[in-house]
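Reviewing the structure listed below.
The values are calculated or read from the model by the stated rules, or taken from the named source; none is laboratory data. Computed from a prediction, not measured in an experiment: that's the story for all the values here. Because the Cβ atoms are built from the backbone with ideal geometry, glycine has one as well, and the counts that use them run over all protein chains shown. All accessible areas refer to the heavy atoms of the entire protein, side chains included, with ligands and DNA or RNA removed. Shrake-Rupley method; radii C 1.70, N 1.55, O 1.52, S 1.80 Å.
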Amino acid sequence: MNPYVQSLLGILLSAILTENFILVKFYGICPFMGVSKKTDTAIGMGMAVTFVMAIAAAACWAVNELILVNLGLEYMQTVAFILVIAAIVQVVEMFLKKAIPALYKALGVYLPLITTNCAVLGVALVNVQQGYDFLQSVLNGAAGGVGFTVAIVLFASIRERTDRSNCPESFKGYPLALIAAGLLALAFMGFSGLKIF
């Protein structure tokens, strides 16, 4: 198999499983805890984050390679990436408000918080640190978003079941949710031994 294709498959699998932004790197915990009460909302948030991560990875790569590196302004990466991500999130927010108002309302305050979601900024910074080219960066962003979606949807389905369960009063709500999140993260740690090309 072509080594470049192998590297793309490695990026895809690692971003979803072994280097999952939520359950392994612990990026994006705020929407993970806040929007994971219902599976429908979690799916919508996951799709929005996936879209933003893929577009942000492409845009941040272009800004970094075409502007910051050429001008010797690599130290401005974090600020530049946050500005790019904020602009992308605004476009997504306007689109959802017009096209899917029910999802826009369900996501509430967590939609604008995608701007400060460290998973989105994290994917842009990881792409730079790993020296990924454009295609690798976009793939890492999209796969990172898919991994985010997998984690948040799994967690939402667990929370829906635990909310209906009969458990001690002191465990209801966030205590049980945090225990479930820890167990889910532990399960994803099992992928760390996976040999990816």
**Complete:** Subset of region 1-40, residues of a type in the set (S, T, N, Q) and within 17 Å of residue 174 (Cβ to Cβ), comes to 36
**Message:** Take the conditions in contact with a Phe, Trp or Tyr (Cβ under 9 Å, 6 or more places away or on another chain), under 14 Å from residue 32 (Cβ atoms) and of a type outside the set (D, E, K, R) and apply them to residue 181. Does it pass?
**Reply:** yes
**Item:** Where a residue in region 101-127 is under 20 Å from residue 151 (Cβ atoms) and in contact (Cβ under 8 Å) with a residue 60 or more places away in the chain and its partner, wherever it lies, is open to solvent by 10 Å² or more (accessible area, probe 1.4 Å) and of a type in the set (Val, Ile, Thr), with Cβ under 6 Å and at least six apart
**Value:** 106/41
**Request:** Name the one entry in 129, 136 that is within 18 Å of the chain's Cα centre (by Cα), assigned to a helix (DSSP H, G or I) and either of a type in the set (D, E, K, R) or surrounded by fewer than 18 Cβ atoms within 10 Å (Cβ to Cβ) (or both).
**Result:** 129
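Residues are listed down the side, and each one gets a yes or a no for (1) open to solvent by 20 Å² or more (accessible area, probe 1.4 Å); (2) in a helix (DSSP H, G or I):
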site: 8; (1), (2): yes, yes
site: 27; (1), (2): yes, no
site: 30; (1), (2): yes, yes
site: 44; (1), (2): no, yes
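Please work out if residue 159 is touching a residue at least 40 places away in the same chain (Cβ under 8 Å), of a type in the set (Lys, Arg) and over 29 Å from residue 63 (Cα atoms). Please lay out each step first, then the result.
Values: touching a residue at least 40 places away in the same chain (Cβ under 8 Å): yes; of a type in the set (Lys, Arg): yes; over 29 Å from residue 63 (Cα atoms): yes.
Taking the combined requirement at face value, the residue satisfies it.
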**Message:** Suppose the filter is open to solvent by 60 Å² or more (accessible area, probe 1.4 Å) and within 15 Å of residue 47 (Cα to Cα); does residue 183 pass it?
**Reply:** no
